[in-house]
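In what follows, a single structure is set out as structure tokens and then discussed.
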Amino acid sequence: MANCLICNNDTDRRRFGGRFFYCPDCDFHFANRGALPAVGGDAGYGADYYKRGSSPFDWMFRVFTVLEQGRIFAAVRGCRRVLDIGCGSGWMAERLQQQGAEAYGVDTSKAAIALAGEKVAPSQLRCGTLASARFDTGFFDAAVAVHVLEHVEDPAAFATEARRILKDGGILLLRIPNLASWEARLAGEQWYHFDYPFHVAHYSPRAVTRLLERCGFQDVRISFTVTEYRQTLLYSVLSAMRIPLPFWLKIVLLPLQVVFMPLACLLALLDNSGTIEVVARK
């Protein structure tokens, strides 16, 4: 038995081999904390992770990343102070600065903060959680958290703190995996975004909407037309067929993305994309 981290109601339903509790009211899955293995250090997000770039295919990653994040920069354009939660190496904060914003960042990885300090003034960076950063109330016009919420063990506390540091009318923009998507249901625990034990919470559109509204946010809007992680649909199909996916096979399968991208776009139009973008206002 556990209390749902969104509505606080009791639930004894379990999924994924008992490693996650499920709240049917919120359509929310959250990790059984008693079963979580210990994850030390920077939890896989050390300097090597942020210094990727030696692969001959990494230029494609960089190009697509710039294209995919254009929606984010458009959403916060005109905002004076913007916080990048889970800022990583600081590339987004750097681009926000180029856009004219006063960019801040927070990340739990010391390696990430060290790299971000080469792009953004160290005085505008914090190493730790959003709560431990202790930003002033109403300090930011916008806060962005790209693939962060699924790592957070107490999402209500996270959302409440995000709301506190935003000005009235401020924007919170999230990107998260969509557990209600067809690709997630097809692949199950082999889903690319399942990533246990690093991802400790999984959301459907209903779950994230309920979380934000319960924490005081308004005008919650969800977009399914996020083009990032276009490979996950293909990976889910192969996982359902019990085909292993070593790195070399992923490279060989790159041309198949041309075939699967139209299908991924179709699923997005049907509100069924593997990743969703959520925008809410204080």
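Read-outs: derived from the displayed coordinates by stated rules, not from any lab. Just so it is clear, the structure is predicted and the values come from calculations on it, not from any experiment. Methodologically, a virtual Cβ is constructed for each residue, glycine included, from the backbone with ideal geometry; neighbour enumeration extends over all protein chains shown.
Ranked by Cβ crowding within 10 angstrom, fewest neighbours first, how are 29, 151 ordered?
Working: 29 22, 151 18.
Ordered by Cβ neighbours within 10 Å, fewest first: 151, 29.
Please compute the alpha carbon radius of gyration of the chain, then divide it by the globular-protein estimate 2.2 N^0.38 Å. Two decimals is fine.
0.99
Quick check for the chain: number of Lys pairs with alpha-carbon distance under 16 Å, counting only pairs 8 or more apart or on different chains?
Lysine pairs, 8 or more places apart or on different chains, close enough: 4.
Tell me, 273, 123, 132 in order of fewest to most beta-carbon neighbours within 10 Å? Mind showing how you got there, number by number?
Details: 273 29, 123 8, 132 11.
Lowest count first: 123, 132, 273.
Give me the distance between the Cα centres of the range 106-161 and the range 1-33, rounded to whole Å.
When both Cα centres are located, 26 Å separates them.
Work out the FRET efficiency for residue 123 and residue 74 from their Cβ-Cβ distance, taking R0 = 35 Å, and round it to the nearest 0.05. Working shown, then result.
Details: r = 28 Å, r/R0 = 0.79.
Computed FRET efficiency for residue 123 and residue 74: 0.80.
So how many Å³ per residue does the convex hull of the Cα atoms of the range 203-267 work out to?
Roughly 116 Å³ of hull volume per residue.
Out of the range 76-151, which trypsin sites (Lys or Arg not before Pro) are coil in DSSP terms and have no more than 14 other C-beta atoms within 10 Å?
Taking the range 76-151 and a limit of 14 other Cβ atoms within 10 Å, the loop trypsin sites (Lys or Arg not before Pro) found are 77, 80, 134.
Could you put 182, 191, 248, 91 in order, starting from the residue whose Cβ has the fewest other Cβ atoms within 10 Å?
Final ranking by Cβ density, sparse to dense: 248, 182, 91, 191.
Based on C-alpha coordinates, I'd like the Rg and Dmax of the range 148-282, in Å.
In Å, with Rg to one decimal and Dmax whole: 16.2, 50.
Go ahead and collect, in residue order, the members of the range 175-201 whose backbone nitrogen is under 12 Å from a label point 7 Å along the Cα-Cβ direction of residue 223.
Those under the cut-off are 175.
When DSSP assigns beta bridges and you keep just the ones with both residues in the chain, what percent turn out antiparallel, to the nearest 5?
In the chain, DSSP labels about 50 percent of beta bridges as antiparallel.
Can you tell me the length gained on complete extension of the stretch residue 190 to residue 247, counting 0.36 nm per residue apart and subtracting the Cα distance?
19.0 nm
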